[in-house]
1. Mind checking the angle between helix 247-259 and the chain's longest principal axis? C-alpha axes, 0 to 90 degrees, to the nearest 10.
2. Can you pull the one-decimal nm distance between simple spin-label points at Val237 and Val171, each 7 Å off the Cα toward Cβ?
3. With a 1.4 Å probe and every protein chain kept in, tell me what percent of the accessible surface of segment 103-259 is carbon plus sulfur.
4. Could you give each residue of segment 342-353 its phi-based ³J(HN,Hα) in whole Hz, using Karplus coefficients 6.51, -1.76, 1.60 with θ = phi - 60°, and x for Gly or Pro?
5. Which value results for Rg/Rh of the chain when Rg is the Cα radius of gyration and Rh the Kirkwood radius based on the inverse mean 1/r?
6. Taking the C-alpha atoms of segment 1-95, how large are the radius of gyration and the largest Cα-Cα span, Dmax, in Å?
7. Using only Cα atoms, tell me the angle between helix 359-368 and the longest principal axis of the chain; keep it within 0 to 90° and round to the nearest 10.
8. Can you give the Rg to Rh ratio of segment 241-338, both from alpha-carbon atoms, with Rh computed by the Kirkwood formula?
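The values are calculated or read from the model by the stated rules, or taken from the named source; none is laboratory data. Bear in mind the structure is a predicted one, so any value in this text is a computation, not a measurement. As a convention, Cβ positions derive from the backbone with ideal geometry for all residues, glycine included, and neighbour counts pool all protein chains shown. Just so you know, the surface numbers come from the protein's heavy atoms only, side chains and all, with ligands and any DNA or RNA stripped out. Shrake-Rupley method; radii C 1.70, N 1.55, O 1.52, S 1.80 Å.
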Amino acid sequence: MRADMDHTLRPLSAHRCTAPLSGSVAVPGDKSISHRALMFAGLAVGETVITGLLEGEDVLRTAAAMRALGAEMTREGGVWRVAGRGIGGLREPDDVLDMGNSGTAARLLCGILATHDFHSVMTGDASLRRRPMRRVTDPLAQSGASFVGREGGRLPLSIRGARDAMPLDYVLPVPSAQVKSAVLLAGLNARGWTRVEEPEATRDHTERMLRHFGAEVTVEPKGRGRIASVRGQPELVAADVSVPGDPSSAAFPLVAAAVVPGSRVTVRGVSLNEARTGLFTTLQEMGAGLTIENRRVEGGEDVGDITVVQGELRGIDVPAGRAPSMIDEYPVLAVAASSARGVTRMHGLGELRVKESDRLVATAAMLTGNGVKVEIEGDTLIVHGQGTPAGGGLVATHMDHRIAMSAVVLGLVTAAPVRIDDSGFISTSFPGFIELMQGLGATIR
Ligand code: S3P
């Protein structure tokens, strides 16, 4: 059943904290790594065991799609076992693949399907059906695949994979790990080397995990970006994956700790992949007491325990070059900025317009509706810090989990409660978010 068809609105209100937030928690597994673990395991020969998988709706869509394509999966006690089909070994699905709310699932899968010689149809919920897909289908068509979508190339999309796929050599026009990954994944079943040049470095989970599964992947630095290449038609071999905590989910309790007076919160086992840690750097620059302990490598990824102690925050300029390393964190950073002293300018946010909602507009509306002065100038978001924002507004989440969770954090410091029209989409990335925040001391009704 399609997510938006059986969706009933779940309104919430978040209330000003009367006591500090405190505690030590773990957040669910990283969403980017979880999607990739299921997909790559489904393309590998043998059985992959995945622990710590994010069991949010987005990732469960990937699991359902990979099953429909012939991968076998079982889940027992939170451990997933995937028996893969080998490169090029997926089978034509009997029915439409519904990717729900997940852009990552849809776009990465387009890459895989582009070089499988069969027909498939992909759709998603109302949010995903509005999002641009040409950014992947245009380059993927060069491999010999054909795509027929709605106006603007949007979902539902009919895909005919290439029989004898051409390897691609592509320069990304936008800094997007999803597009980079889609092209690299198509290259797995093409002859020869597929090469993707990115003008700015984006998250590299695909490159790392493909290597982990035995593919030949090279990465060379180029300016502020990189060139990633994969040799086609390798034998991917099952390799166990332990998924670290998602830094994009850790962002919510950590920013809450940074703004609620007297708070101290630790999130354990968070991925510290340097393509994901821009928010932590930014919070430190703003004056938050953020420390990282117990750094270690787990399952090929750097992880650590992050503690934030509330401190007085000041407004800063966040450079455009940092955007790829914190692209999903701007809504909650904007909440931190609204209780900082002075003005925060966040540059280079063009890509926020094509997320689960137009996140630039949705973030600005969330804040202005709660008494914070905000401006959008081109791709820059400017937030005037207020100390204690008024609150009292109703936030429209536009089917966007990160707007919903950011609004909850905002409500913990506003004078009047912040109401949220629908918290239902939070479970796409962070099941248990409300309970986790309540456990730290937040009042959410
Ligand atoms: C993701 C990449 C980012 C990010 C998304 C997950 C990924 O999107 O916003 O939540 O897993 O590759 P873009 O690559 O489109 O920036």
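1. Relative to the chain, helix 247-259 is tipped by roughly 0 degrees.
2. Those two pseudo-labels are separated by 3.8 nm.
3. Using a 1.4 Å probe with all protein chains present, segment 103-259 comes out at 48 percent carbon and sulfur.
4. Couplings: x, 9, 10, 10, 10, 9, x, 9, x, 5, 5, 6 Hz.
5. Here the Rg-to-Rh quotient is 0.96.
6. 17.7, 57
7. Helix 359-368 sits roughly 10 degrees off the main axis of the chain.
8. 0.95
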